[in-house]
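Readers should treat all values here as calculations from the given coordinates under stated rules, not as data from a laboratory. Please read all numbers here as calculations on a predicted model, not as lab measurements. Note that we place each Cβ from the backbone using ideal geometry, even for glycine, and neighbour counts take in every protein chain shown.
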Amino acid sequence: MVNHWMKDRLKTVPLFRELSDYELESLVSISHVRVYKPRTFVFMQGDPLERVYFIHSGTVKIYKTDLSGKEQIVSILQTGEMFPHAGFFLKGTYPAHAEVVEEATLIAIPIHDFEQVLMASPELCMKLFRVMGEKIVDLQNRLEAQVLHNTYEQIVLLLLRLTRTNAVKQGKWYRLTTHVTNRELANMIGTARETVSRTLSQLKRKGLINVDEHGFYLIDQEALEKEIFF
């Protein structure tokens, strides 16, 4: 019964969705489910790098801090995503903090055990490489945005990225699926909260974004793309 329960949860993870029952069995034996309350840490920057996590439900914020305590948000992850991606290539310590934003049920797998499964499963290994490739392209796009675009354009590009990673379609809008503050948006691109506030006000006046009754951002992706690409 426990194995069946764990297998059902593993199947919700896109990386594992197409694996056979036999292949899933090798993961069931090394997987553990953990529930985290909001504002608790899965791990902190500098902790020993021991496990990789898959989000069954909830939201997790990944961010780094410098010596002065300044926060740089790397990503906001939701159901089906894994972290840390660097876990298979780095040894030593976690490169960032992982803080739970909305109560999260996570599947935790020891990195050493998962690496053994990967070596025995070429299909799973190739899927992981594709995921890693997408993350590399995303990081390249973020770097390009910082180098080639002014702050206004960087904020527009950030909102467009969030429509792809943290939003659902609602008519002409994309509704973000997690609450993000102006401070958090600023920390994603390394700018001031006041700059983000001014830019969001401009975008609201132009009808390119809005906020629903629950405080979630609504983004007109098509119009926002025209704002920067045409």
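The HN-Hα couplings worked out from phi for the stretch 178-194 by the Karplus form 6.51 cos²θ - 1.76 cosθ + 1.60 (θ = phi - 60°) are 9, 6, 10, 8, 4, 4, 5, 4, 4, 5, 6, 10, x, 10, 7, 4, 5 Hz, whole numbers, x standing for Gly and Pro. When each of the peptides 189-197, 127-135 is scored by the mean number of other C-beta atoms lying within 10 Å of its residues, the order from highest to lowest reads 189-197, 127-135. Close amide-amide hydrogen proximity is noted between Ser57 and Thr105, each under 5 Å apart and 5 or more residues distant or on a separate chain (H modeled in the peptide plane; Pro and chain starts excluded). Distances between placed amide hydrogens fall under 5 Å for Tyr94 paired with Gly46, Asp47, Leu49, all partners being 5 or more residues away or on another chain. Between helix 111-120 and the chain there is an angle of about 70 degrees, using the helix long axis and the longest principal axis of the Cα atoms.
Only helices enter the 222 nm calculation for the chain: every DSSP H run of n ≥ 4 contributes -39,500 (n - 2.57), and dividing by all residues gives -13500 deg cm²/dmol, rounded to 500. Quick check: the angle from helix 151-165's long axis to the longest principal axis of the chain, C-alpha only, nearest 10 degrees? The answer is roughly 40 degrees.
Summing Lys and Arg as +1 and Asp and Glu as -1 over all other residues whose Cβ lies under 11 Å from the Cβ of Pro14 gives a net charge of +2.
For the chain, the longest principal axis of the Cα atoms and the long axis of helix 122-148 meet at an angle of about 20 degrees. Between Asn210 and Leu15, the contour length at 0.36 nm per residue exceeds the Cα-Cα span by 66.9 nm. Taking 18 Å as the limit for the C-alpha separation, the pairs Lys204/Lys226; Lys206/Lys226; Lys11/Lys127; Lys127/Lys169; Lys172/Lys206; Lys91/Lys127 exceed it in the case of Lys127/Lys169; Lys91/Lys127.
Highest mean first, the peptides 63-69, 164-170, 179-185 sorted by other C-beta atoms within 10 Å per residue fall in the order 179-185, 164-170, 63-69. Annotation: amide H of Val52 within the under-5 Å range of Ile109, Ile111, sequence separation 5 or more or interchain, hydrogens built in the peptide plane.
Computed extension gain for Cys125 through Thr105, at 0.36 nm per residue and net of the alpha carbon distance, reaches 4.8 nm. For the pair Glu225 and Asn3, a Förster radius of 41 Å applied to the C-beta separation gives a FRET efficiency near 0.35, rounded to the nearest 0.05. Here r is the Cβ-Cβ distance between His179 and Thr93 and R0 is 25 Å; the resulting FRET efficiency, rounded to 0.05, is 0.25.
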